[in-house]
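Structure first, commentary second.
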Amino acid sequence: MKYISTRGNNQQLTSAEAIIKGLADDGGLFVPDSIPQVDMRFIDDLQQLSYQERAVKVLSLFLTDYTGEEIKGCVERAYGDNKFDDSAVAPVNFLHDTSVLELWHGPTSAFKDMALQLLPQLLSTALKKTKAKNEVLILVATSGDTGKAALEGFRDVPQTKIMVFYPDSGVSRIQRLQMVTQQGANVAVTAVKGNFDDAQSGVKAIFNDQGFNSGLNQQGVALSSANSINWGRLVPQIVYYFSAYADMLKAGRIKSGDQVAFVVPTGNFGDILAGFYAKLMGLPVKKLVCASNSNNVLTDFLNTGVYDRNREFFKTISPSMDILISSNLERLLYHMTEDSSKVAGWMKELSETGRYDVGAEVLAKIKKIFAADWSDDAATREAIAREYEQEKYVLDPHTAVAWNAYRKLSDKSNVIIVSTASPYKFNESVLSALGKSIDGKSEFELLDDLAALNSFDIPDGLGKLKNSEVRHNAVVEKNAMPEAVKKFALK
């Protein structure tokens with residue numbers, strides 16, 4: 001299997017080469033040149049396997065240049081050694097009338113761990129396979145969760161450095177603490193004055209600056225990405241859609257071949273796109289429901305076919321979804337049209353005018369698979385309070401957005417809600433929604449208050465933050481990001 005650009009520059013790379021490179025030379029995203037197909041026997045057989053074994057089977061279909069032993073080794077290093085606080089890694093929690101796929105049992109308590117524990121292993125293996133001599137500098141823009149997960153995943157991985165940019169005052173207190181206390185000899189964390197889109201567009205501009213990249217290459221440094229624009233970030237996420245279906249089968253919630261729907265809180269469109277790939281492969285998915293917060297650019301696009309980022313930006317209590325430029329949507333547009341020139345044109349329009357319109361025909365194809373809804377902060381708080389009262393289940397604000405979208409569905413049969421973060425990462429917002437006082441309390445007092453209400457303990461990684469040293473204090477303007485990258489790269 002080869003990987004090609006969504007914008008059609010005729011590059012054809014192996015998966016290892018695409019993972020190292022991150023972004024195509026024309027600014028496009030790498031996609032597989034064909035989609036592997038599975039039948040129900042393949043899916044049924046997953047029931048008796050561990051998550052790690054399921055991952056090897058699914059990943060092997062896409063990473064065809066990796067040996068079976070290489071994939072198995074990467075998976076074991078990513079998901080073994082008790083890195084996840086649940087042996088199922090990505091368990092489905094069956095409540096009274098809902099099924100919840102919990103993706104936050106990893107070391108940083110967010111769904112990004114599912115991919116970012118594995119990507120460093122895939123990249124490190126790829127560097128050996130391709131006999132790459134350059135050091136690889138991973139650049140990351142984060143709206144909250146990706147940053148810490150990437151830092152933890154790449155910490156002290158040989159032949160790599162990682163630099164994370166996050167929006168100053170645009171992440172939760174816990175998210176910020178997780179990043180600025182990060183240990184590791186090869187890590188750097190920098191706040192950007194602005195919002196997530198400022199950080200993300202700044203990183204993209206650095207990747208697209210050929211002169212800048214050439215200068216670093218001449219000094220032995222190659223740039224790559226750990227954001228979901230990197231195929232190595234996206235492909236691990238396909239696994240948990242298959243795993244969730246297998247768990248539903250095993251629990252007797254569905255029969256083999258029954259169709260399921262997934263409701264996914266969505267910002268950059270990577271998580272829900274992985275579900276789309278699973279459907280293309282043959283997983284019986286009847287609908288993928290995109291749940292947005294007040295920054296509902298995706299909801300509007302999926303309902304109208306018009307993507308328009310020229311709108312007010314809201315800072316919400318679900319900050320990981322505070323995004324107006326959803327990079328992974330480009331991959332969906334490619335698969336819906338198989339026309340790289342159209343995709344390149346739309347991306348050019350987005351860059352120059354901030355909007356594009358895919359037209360009625362493409363929108364109709366998208367609507368056959370996707371539905372969309374959104375919630376403002378008030379509705380998100382209501383969902384947290386309501387579900388705690390009804391289920392005694394504590395939601396984080398991102399999962400609460402998905403729960404609201406689920407409640408509005410006319411057909412609630414065989415629906416899986418994708419839960420993307422531990423409520424402990426957003427204890428201030430969660431406790432406030434539950435009517436508890438937060439005034440004058442530190443984030444660690446709030447952790448204890450939430451633990452008194454919750455059925456599961458404070459994750460170790462969050463509890464230990466109290467005594468962790470702040471190691472990263474840098475703050476830069478967006479236009480100063482390239483100089484910060486160069487300084488760290490050549491350090």
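What the table shows:
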{"read-out": "Boolean, Ala78 is buried (at least 19 other Cβ atoms within 10 Å of the Cβ), closer than 21 Å to Val203 by Cβ and modelled with pLDDT of 95 or more", "value": "no"}
{"read-out": "Condition check for Leu462: modelled with pLDDT under 95 and under 30 Å from Asn217 (Cβ atoms)", "value": "no"}
{"read-out": "Single residue of the range 81-113 satisfying the filter (assigned to a loop (DSSP other than H, G, I, E, B), in contact with a helix residue (DSSP H, G or I) (Cβ under 9 Å, 6 or more places away or on another chain) and under 16 Å from Ser455 (Cα atoms)) that is most open to solvent (accessible area, probe 1.4 Å)", "value": "His96"}
{"read-out": "Every pair of residues 6+ apart whose Cβ atoms lie under 6 Å, when the first sits in the range 442-453 and is without any contact (Cβ under 8 Å) to a residue 60 or more places away in the chain while the second is open to solvent by 50 Å² or more (accessible area, probe 1.4 Å) and part of a helix (DSSP H, G or I)", "value": "Phe444/Lys466; Leu446/Glu428"}
{"read-out": "Condition met for Leu116 (open to solvent by less than 10 Å² (accessible area, probe 1.4 Å), more than 30 Å from Lys441 (Cβ to Cβ) and touching a Lys or Arg at 6+ places or on another chain (Cβ under 8 Å))", "value": "yes"}
{"read-out": "Among the residues listed as Gly211, Gly267, Gly252, the single one being among the small types (Gly, Ala, Ser), free of Cβ contacts under 8 Å to residues at least 60 places away in the same chain and either on the phi > 0 side of the Ramachandran plot or part of a loop (DSSP other than H, G, I, E, B) (or both)", "value": "Gly252"}
{"read-out": "Filter result for Lys161 (under 23 Å from Gly144 (Cβ atoms), assigned to a strand (DSSP E or B) and open to solvent by 20 Å² or more (accessible area, probe 1.4 Å))", "value": "yes"}
{"read-out": "Glu338 vs. criteria open to solvent by 20 Å² or more (accessible area, probe 1.4 Å) and more than 29 Å from Lys204 (Cα to Cα)", "value": "no"}
{"read-out": "Candidate set from the range 141-197 (those that are in contact with a helix residue (DSSP H, G or I) (Cβ under 8 Å, 6 or more places away or on another chain), under 15 Å from Lys315 (Cβ atoms) and of a type in the set (D, E, K, R)); member that is modelled with the highest pLDDT", "value": "Lys193"}
{"read-out": "Residue match in the range 52-75 (condition: open to solvent by 10 Å² or more (accessible area, probe 1.4 Å), under 24 Å from Ile138 (Cα atoms) and free of Cβ contacts under 8 Å to residues at least 40 places away in the same chain)", "value": "yes"}
{"read-out": "Index of the failed condition, Val418 passing every other in (1) over 19 Å from Gly106 (Cα atoms); (2) in a strand (DSSP E or B); (3) in contact with a Leu (Cβ under 6 Å, 6 or more places away or on another chain)", "value": "(1)"}
{"read-out": "Subset of the range 129-148 that is assigned to a helix (DSSP H, G or I) and within 24 Å of Leu63 (Cβ to Cβ) - its residue that is least open to solvent (accessible area, probe 1.4 Å)", "value": "Thr146"}
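This table checks each residue for (1) hydrophobic (A, V, I, L, M, F, W, C); (2) part of a helix (DSSP H, G or I).
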{"position": "Glu349", "(1), (2)": "no, yes"}
{"position": "Val362", "(1), (2)": "yes, yes"}
{"position": "Ala371", "(1), (2)": "yes, no"}
{"position": "Ala378", "(1), (2)": "yes, yes"}
{"position": "Glu382", "(1), (2)": "no, yes"}
{"position": "Ala385", "(1), (2)": "yes, yes"}
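The values are calculated or read from the model by the stated rules, or taken from the named source; none is laboratory data. If you're wondering where the values come from, they're calculated on a predicted model, not measured in any experiment. Positions of Cβ are backbone-derived with ideal geometry, glycine not excepted, and every protein chain shown enters the neighbour counts. Surface areas here come from the heavy atoms of the whole protein model, side chains and all, with no ligands, DNA or RNA. Shrake-Rupley method; radii C 1.70, N 1.55, O 1.52, S 1.80 Å.
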